[in-house]
Amino acid sequence: MLDYVGLEADLDQEERMIRDTAREFVDENVAPDIGTHFENGTFPEELVTEMGELGFYAPNLDGYGLPGVSETAYGLLMQELEAGDSGIRSMASVQGALVMYPIHAFGSEEQKERWLPDLASGETVGCFGLTEPEHGSNPAGMETRAEKDGGEYVLSGSKTWITNSPIADVAVVWARDTSAEESPVRGFLVETDKDGVSTNKIDEKLSMRASVTGEIGLSNVRVPESAVLPGVEGMKGPLSCLTQARYGITWGAIGAARDCFETARDYATDREQFDKPIASFQLQQGKLAEMATEITTAQLLSHRLADLKERGDLRPQQVSMAKYNNVSMARDQARVAREMLGGNGITTDYSPMRHLANMETVYTYEGTHDIHSLILGQDLTGFSAFN
Ligand code: FAD
């Protein structure tokens, strides 16, 4: 596997073990059928508990049975899962960074004990409801409301483009608490079998086809006060979750790009035209050289982020830079790999076109490429281009 500057040498035993476990899992359980799942628009649900058994959900958190592995180990895990498919990595990202993380960081003791072990094992599936039909890049404009009524909250509104919502048991729903002054955004743990909750599936996707995506409709849904995440108020809540997930995405995108590179290199070595392997032609070598260089640069960025995160110095803007760079890199390189495979490259028999299609989602979710460039622009100039 591509490791041009020998990053492997800096990994400790646990990091190698987690990476190898994930790689083996992908080789045995994801790679054989993922093309068919992508074609059929189905998610391999049987892998949910298997990933739980292997400890793939939020292993970088600790307590409540979670092992607290290094941020490098967590990143390598995301990298290997996305080498399989972005849909598989999305499952683990949402469950770990967008559902378990907010409960771990902002939940009550009772919420942590109730939810974290079952989410870790995959017995319970979670989803994260922030985006709304009219509020994507600007989630602060959200219209979903929570109104206090005695010892309960009544939630109304709708969320869309929610990964896993049709298969989720619990949703972390971000809503404006209209009973408090200035209606701050708060997080609510909403069980999806409650009266008034609907989770319609979104079909017709041409990207991220091996992942379940849906809506969350909330029609006067009553939840007890104990369902509110007590430890956070305001957009800081959802945004801090996104920073966690985006960190994993910076690694995941490298996995997708690496799989494209390995596929293109193998193909170019085997495929002969004009009585020679196409890998012997300068144009094809130039493409592989560019791909390997771009992937290596992205690897260095994510490894540096892991060090900063480990010592508590990672800023969200630095994560934005890596999401901006690495996903765009993976999207570009997937297209080059696809092109190197000629006609075969447009089929599900090979991974690049599937990764390329997936990267359209990864480029858009968790803050679009444009939005990350504006975050960087604000950080670099002091001027916000948002308002
Ligand atoms: P818009 O915000 O309408 O943007 C449209 C275009 O305008 C984009 O190109 C954008 O970059 C550009 N734009 C917007 N504002 C500006 C500006 N100020 N300056 C310049 N350009 C701008 N959301 C969740 O909450 N939970 C999930 O689990 C989840 N999973 C998803 C899974 C999939 C498969 C997809 C496709 C999306 C998912 N999302 C999820 C939603 C995702 O985060 C949003 O799609 C994303 O934030 C963009 O919002 P939007 O689609 O409404 O696009």
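Rule-based calculations on the coordinates, nothing more; no lab input. Computed from a predicted structure; not experimentally measured. So basically every Cβ, Gly included, is an ideal-geometry build from the backbone, and we count neighbours across all protein chains shown.
Mind jotting down the distance between the C-alpha centroids of the stretch 7-21 and the stretch 296-372, whole Å? The distance from the Cα centre of the stretch 296-372 to that of the stretch 7-21 comes to 21 Å. Rounded to whole numbers, the Karplus 3J(HN,Hα) couplings from phi for the stretch 58-64 are 6, x, 7, 8, 10, x, 6 Hz, using 6.51 cos²θ - 1.76 cosθ + 1.60 with θ = phi - 60°, and x at Gly and Pro.
For the residue pairs Lys148/Lys323; Lys236/Lys309; Lys205/Lys287; Lys287/Lys323, the alpha carbons lie more than 27 Å apart in Lys148/Lys323; Lys205/Lys287. Here Lys201 is the anchor, and the lysines within straight C-alpha reach of less than 26 Å, apart from those fewer than 8 places off in the same chain, are Lys159.
Arrange the peptides 73-80, 4-11, 331-338, 44-51 so that the one whose residues have, on average, the most other Cβ atoms within 10 Å appears first.
Working: 73-80: 27.2, 4-11: 11.2, 331-338: 22.8, 44-51: 16.0.
Highest mean packing first, the order is 73-80, 331-338, 44-51, 4-11.
A cut-off of 5 Å between modelled amide H atoms, ignoring neighbours fewer than 5 places along the same chain, links Asp169 with Val125, Gly126.
Across q = 0.18, 0.19, 0.21 Å⁻¹, the stretch 224-313 modelled as identical point scatterers on its alpha-carbon atoms has Debye log10 I(q)/I(0) values of -0.87, -0.92, -1.01, in the order of the q list. Between Gly217, Gly312, Gly196, the residue with the greatest mean-square fluctuation in the GNM of the chain (Cα pairs under 10 Å linked by springs) is Gly312.
The gain in end-to-end length when the Glu50 to Glu110 segment is fully stretched comes to 19.0 nm, 0.36 nm per residue minus the alpha carbon separation. Remark on Arg222: its backbone amide H falls under 5 Å from those of Leu155, a criterion applied only to residues 5 or more positions apart or on other chains, H modelled at 1.01 Å from N. Distant-in-sequence amide contacts of Glu132, defined by a placed amide H-H separation under 5 Å and a gap of 5 or more residues or a different chain, comprise Thr160. Rg/Rh, computed from the Cα trace of the stretch 160-201 with Rh as the Kirkwood radius, has the value 1.04.
So what is the orientation-averaged projected area of the chain, using the convex hull of its C-alpha atoms, in nm²?
Working: hull surface 77.4 nm².
For the Cα atoms of the chain, the hull's average projected area reads 19.3 nm².
Hey, can you rank 362-368, 19-25, 266-272 by average C-beta count inside 10 Å, highest first?
Working: 362-368: 21.7, 19-25: 18.1, 266-272: 15.0.
Result, highest mean first: 362-368, 19-25, 266-272.
Per-residue 3J(HN,Hα) values for the stretch 364-370, derived from phi via the Karplus relation 6.51 cos²θ - 1.76 cosθ + 1.60 with θ = phi - 60°, read 9, 8, 6, x, 5, 3, 4 Hz in sequence order (x marks Gly and Pro).
Each residue of the stretch 272-283 was assigned a 3J(HN,Hα) from its phi angle through the Karplus curve 6.51 cos²θ - 1.76 cosθ + 1.60 (θ = phi - 60°); the sequence is 10, 9, 6, 6, 9, x, 5, 5, 8, 8, 4, 4 Hz, with glycine and proline shown as x.
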